[in-house]
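The values are calculated or read from the model by the stated rules, or taken from the named source; none is laboratory data. Values in this document were obtained by computation on a predicted structure and should not be read as measured data. Neighbour counts are summed over all protein chains in view; Cβ atoms, including those assigned to glycine, are modelled from backbone coordinates with ideal geometry.
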Amino acid sequence: MFICEYLYNMIFKDIKIFSQNIYKNSLLINTILEVNSSFDIIFIQEPSWSTICSIPSSSNRKEDTLVGMVNHPNWLIFARSNTTEIDYLRVIAYINIKLSFFCFSFHKDIVDHRDILLILFFNNNELFWLMNVYSDSSYSALKYLKDTEVNLCNLLITTGDFNIRNGL
């Protein structure tokens with residue numbers, strides 16, 4: 001038995017993971033968070049970003065807009081900050097709050113790509129990793145992973161929407 005398979009079975013024996021591309025549909029993400037309460041981790045590709053509210057600005061007369069994603073009291077959200085309005089991120093993760101004791105954290109210092117979400121957690125003083133990937137039609141995330149030399153011990157799962165088409 002491979003060591004990763006052993007670790008996966010030891011840690012994730014009872015943990016359920018759901019992964020879905022929601023194609024920027026905010027109603028779908030609300031439904032997933034409400035209906036899939038039996039899941040522990042939800043990886044989303046192409047989340048919907050929407051205006052949450054307008055914020056008065058101290059630097060100009062025009063109000064700034066706060067843009068975000070669907071929030072739910074039973075889920076912790078993991079996502080990078082958007083850099084620009086046009087460059088919205090395409091991967092997020094929701095971790096059920098009942099898993100908070102694993103001390104999940106997001107790490108863009110290791111993999112720094114808008115379409116790759118790398119999450120770390122601790123179990124019995126060991127580090128483990130989960131990865132959510134969205135690869136666009138030009139395969140930018142997959143090319144980034146191929147060209148970046150990152151050695152992650154204990155990467156338990158890589159999931160997402162890889163958009164790999166059969167050329168036949």
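Count of region 102-128 residues, restricted to those that are under 16 Å from Leu142 (Cα atoms) and without any contact (Cβ under 8 Å) to a residue 12 or more places away in the chain, is 1.
Scanning region 87-101 for residues that are over 26 Å from Asn125 (Cβ atoms), without any contact (Cβ under 8 Å) to a residue 60 or more places away in the chain and surrounded by 14 or more Cβ atoms within 10 Å (Cβ to Cβ) yields a total of 4. Taking Asn82, is it surrounded by fewer than 13 Cβ atoms within 10 Å (Cβ to Cβ), over 19 Å from Phe39 (Cβ atoms) and at pLDDT below 85? When the stated conditions are applied, Asn82 does not pass them.
Checked against (1) over 19 Å from Gln20 (Cβ atoms); (2) modelled with pLDDT of 90 or more, Met131 passes all but a single condition, namely (1).
Being under 25 Å from Ser137 (Cα atoms), outside any loop (DSSP other than H, G, I, E, B) and at pLDDT below 90 holds for only one residue in Leu28, Leu89, and it is Leu28.
Annotation: Asp112 fulfils all but one of (1) in contact with a strand residue (DSSP E or B) (Cβ under 9 Å, 6 or more places away or on another chain); (2) in a loop (DSSP other than H, G, I, E, B); (3) not aliphatic (A, V, I, L, M); the unmet one is (1).
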